[in-house]
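The values are calculated or read from the model by the stated rules, or taken from the named source; none is laboratory data. Note that the structure is predicted; figures quoted are calculated from it, not measured. Positions of Cβ are generated from backbone atoms using ideal geometry, with glycine treated the same way; all protein chains shown enter the neighbour counts. Accessible surface areas use protein heavy atoms only, side chains included; no ligands, DNA or RNA. Shrake-Rupley method; radii C 1.70, N 1.55, O 1.52, S 1.80 Å.
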Amino acid sequence: MENSENIKMNILICLSGSPSNARVIKAAAKLFERGSGSMTALYVSSMNEDIHSNPALQKNIALAESLGAETHFARSNEIALTISEYAKHTAVTDLFIGYSPSSDLFPRKNIGEKLVTLLPDVDIHIIPDASASAYQPVLLKNGESFWNLRDFLLVTGIMAAATLLSYLFDRSRFSNSNIVTIYILAVLIASVLTSHRFYGFLAAVLYILLFNFLFIDPRFTLLVYDSGYLMTYFVTILASLITGSLAVKLKNIAKQSADTAYQTKVLLDTSDQLEAAKDSREMIRITCGQLANLLERTVSFYTVENGTVERKAVSVWDPDRNTDEPVSEAEKSAVLSVYEGTQTEKTAESGQLYFRVDSEDGCFGVLSVKTGKEPLSEMENTILLSVINEFTLALNNEHNRQQKTEAEIRAGKERFRAGLLRSISHDLRTPLTSICGNAENLRENHAYMSEEDREKIYEDIEEDSFWLKNQMENILSVTKLESHPEPNLSVESVEDVINESLQHLDSHAREHTIEVIGNDELLFAEMDPKLITQVLVNLLNNAVKYTPAGSKILVRLQKKNGEIIISVEDNGPGIPDENKPYIFDLYYTGDREKSDSFRSMGIGLHLCRMILHAHGREIEVLDNEPHGAIFRFTLKNMEVDEYA
């Protein structure tokens, strides 16, 4: 089972008076439970609307508040614009809104579509109405009646209006041909506005009966003496049937367009969220949550390792349901069947659909949708398969990103090794040659040398050996930090670490005055003492190296705002401004001619920065007035009870 992640969210719920708005509120509350942050419910009313007179709206407001949302209200005739401005002002991360397709033949752009355009950086969750469908079929394939009271009343009203208008024409002594035109127009209007061609046919029959009964002599009878009217009736009925069929086709096309647009919005929303996911674990959570909200079904995801089935995530529509139920034997069997078999999906006896999710490395896992006794509709099935395809694509992209990152890391390490080897082969050759030459000179000419010459050779060998020792310690520390950047932190005395570093300085340090200036109190800091000692040794040796003999070097300690500030100050020539941005780079030695004379490998200051970065700290270089340089860094001050 996947643990909830502490995700900072600012959720906005768009309230409405629709009964289906409760689904929107519950979907937002379910997402809010997985993280932390805030949840707000907003209702935008028209300027003259009385929100207290709408009981459905009040019920939705009460539900939102009971689930932890803070409700706000606004008045505006531009609902989408008002919501978008509110979302921008309050830095909303996720917006939930309902979706009900328009029943118009040519539907207008709804609020959800406008918000997608107005809020491109906000995750917009569009929750469909449970009964939403642009056009419901009236005559069903299973033989149910196509009777529709709305359409019947609409036809009755249209024909009544046509009869009234025809009566006015008849009273004004217009010919019957005008009355026929009025009735034919009424039949065409009824055919377009109703949901089935039956009602167009019904309107045509009513036209024949009403026209014949009221406006043809002998009136108030159904007798027809003029045979020409029979052809008119036939043409009218035929026109009504053709018009009704065309209207139904246009409505079906409009419904398909609305469904396609909705599916596109769902896929774009899912794709955007998957693209922003940090890893595959978050992708699983997003996919299960999206499908649970869209399908109103329980959605689970399973992985299989060494034959063991583990449920990684489960998203249910009902927030009160327990999601910690153990994986049953039936579930394990179905998951293993899909995971190991050649089939990509399976329907279990328990009413669950199982889908195999493949990645470039093989089967990533199995996704399950609990359908129960109600199978998925064609649209729901299409959305399900599309989201799974988006999920699979996102997993493959994540896999490729990981491989690319690993390749870049390997290449970087290889470049580091190559550079280190080049630096070692170049810079270590000089001191090693000097040591070998001096040792050979002592062995062959020891008897002919004065005591003063021998002491000078001893000092040169000692200096070169000490330099080699320090450089090897730096190299080992750099390679160790490259592989294991986590320091071994403990609470240590800062003064003890400074005193320890003073014992490992270059022999030339005896030619300088090194002074430690600090507080009277004993200071403790959280650090890796071995690494911080190496930082101070490198900084002090640099100060010794680049300042003339007799110079004064200060190690200054300050305690400020819970931090201990440590600085190494010298009064040497200082560092040019153009060199300061690069002095902490690996192998950078500044003025090459000067640095060669000091045998600098360009590792020491880079190591100092690496060590302090491992401590979560920074190191900076400043000018020391009137001349010289200051290297400064901080450590976290720790209070220690001396009597504990």
**Q.** Subset of the range 9-28 [open to solvent by 30 Å² or more (accessible area, probe 1.4 Å) and of a type in the set (Ser, Thr, Tyr)]
**A.** Ser16, Ser18
Q) Hey, which of the helices (runs of 4 or more DSSP H) in the range 48-127, taking only ones fully inside, have at least 2 residues that are of a type in the set (Gly, Ala, Ser) and modelled with pLDDT of 80 or more? A) 55-66, 79-89
Q: Identify the residue in the range 39-93 that is over 17 Å from Val24 (Cα atoms) and among the β-branched types (Val, Ile, Thr) and, among all such residues, is surrounded by the most Cβ atoms within 10 Å (Cβ to Cβ).
A: Ile79
(Q) When you scan the range 315-326, do you find a residue that is at pLDDT 70 or above and in contact with a His (Cβ under 7 Å, 6 or more places away or on another chain), even just one? (A) no
**Q.** Any chance Gly518 is modelled with pLDDT of 85 or more, surrounded by 13 or more Cβ atoms within 10 Å (Cβ to Cβ) and not hydrophobic (A, V, I, L, M, F, W, C)
**A.** no
Q.
Regarding the range 432-444, can at least one residue be identified that is modelled with pLDDT under 75, open to solvent by 50 Å² or more (accessible area, probe 1.4 Å) and not aliphatic (A, V, I, L, M)?
A. no
Q. What about Glu500, is it surrounded by 13 or more Cβ atoms within 10 Å (Cβ to Cβ), over 18 Å from Leu622 (Cα atoms) and in contact with a Lys or Arg (Cβ under 7 Å, 6 or more places away or on another chain)?
A. no
(Q) Take the residues in the range 327-360 that are under 29 Å from the mean Cα position of the chain (by Cα), over 21 Å from Leu376 (Cα atoms) and open to solvent by 40 Å² or more (accessible area, probe 1.4 Å); name whichever of them is modelled with the lowest pLDDT. (A) Glu360
